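Asks: The structure under discussion is supplied below as structure tokens; questions concerning it will follow.
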Amino acid sequence: MIFFGHRFIQSQNFYHIQSIEAIDNTPPSSTIFLEFSEQNLDIITFASSSEIPMALHVKNITELLYASSFGALYIVVEKELAKTAQNIAEKYLFDAKILVFVTDEREIEELGLLSIDGVIFPNAIIKINS
């Protein structure tokens, strides 16, 4: 299991952006974080075509499949979708890792038993303004 934002384990941060221009305000080789939505398709398409690493937060299976098609490095889901998302990622051999939002370390064991790729705590996401 991979950990982002855990207090014991050093990890990279994700940079939550709201525009293509905001990418310039992120460190070199950083991973951008976006909500998957039609409003963000211009940013997602730009990042994908520019090979900028991205983590996409999805709300359902359709968005999960789209995120993989756009080449997301990480696909972030809520706990309720975790096992289904992980099964689909394994069946279709996604390159992306499935991450689950967590706020409590007690959730790690349950997600580990489900063989989820990783967890992300809120402090791993840094908001970047344009």
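Asks: Starting at 0 and stepping by 5 Å, how many percent of the alpha carbon pairs of the chain end up in each bin?
Replies: All Cα pairs, binned at 5 Å, distribute as 2, 11, 23, 23, 21, 13, 6, 1, 0 percent.
Asks: Pop a pseudo-label 7 angstrom from the Cα along the beta-carbon direction at both S50 and E35 and give the gap in nm to one decimal.
Replies: 2.2 nm
Asks: Follow-up question, since we're still on this one. Measure off 7 Å from each Cα along the Cα-to-Cβ vector at N129 and E107, then give the distance between these two points in nanometres to one decimal.
Replies: Inter-label distance under the simple model: 2.8 nm.
Asks: Please find the FRET efficiency linking Y92 to M1, where r is the Cβ-Cβ separation and R0 is fixed at 22 Å, and quote it to the nearest 0.05.
Replies: Details: r = 21 Å, r/R0 = 0.94.
Efficiency at R0 = 22 Å is approximately 0.60.
Asks: Once you charge only the Cβ atoms, +1 for Lys and Arg and -1 for Asp and Glu, what is the size of the charge dipole of the chain about its Cα centre, to the nearest 20 debye?
Replies: Values: 8 positive and 17 negative charges, 35 e Å.
That gives the chain a dipole magnitude of about 160 debye.
Asks: I'd like to compare 71-83, 5-17: which one has the highest average count of other Cβ atoms within 10 Å, and what's the full order after that?
Replies: The peptides rank, most packed first, as 71-83, 5-17.
Asks: In which sequence would T84, T26 go, from the one with the fewest C-beta neighbours within 10 Å to the one with the most?
Replies: Numbers: T84 14, T26 19.
Going from sparsest to densest Cβ surroundings: T84, T26.
Asks: Along the charge dipole of region 2-127, which of A67, V119, I23 sits closest to the positive end, that is, farthest toward it, with unit charges on the beta carbon of Lys, Arg, Asp and Glu (+1, +1, -1, -1)?
Replies: V119
Asks: Which aspartates and glutamates, if any, have their Cα less than 17 Å from the Cα of K97, not counting same-chain residues under 8 positions apart?
Replies: The reachable aspartates and glutamates, counting only those whose Cα sits under 17 Å from K97, are E35, E51, E63, E78, E80, D117.
Asks: Which of the trypsin sites (Lys or Arg not before Pro) found in region 91-129 are in a DSSP loop and have at most 16 neighbouring Cβ atoms, other than their own, within 10 Å? Don't jump to the answer; show the numbers that get you there.
Replies: Details: sites: K91, K97, R106, K127; in loops: R106.
Here the trypsin sites (Lys or Arg not before Pro) that fit, given the DSSP loop and packing criteria, are R106.
Throughout, read-outs are computed from the coordinates displayed, never taken from laboratory work. Predicted, not measured: the structure shown is a model, and the values here were computed from it. Every residue, glycine as well, gets a Cβ built from its backbone with ideal geometry; the counts of neighbours run over all protein chains shown.
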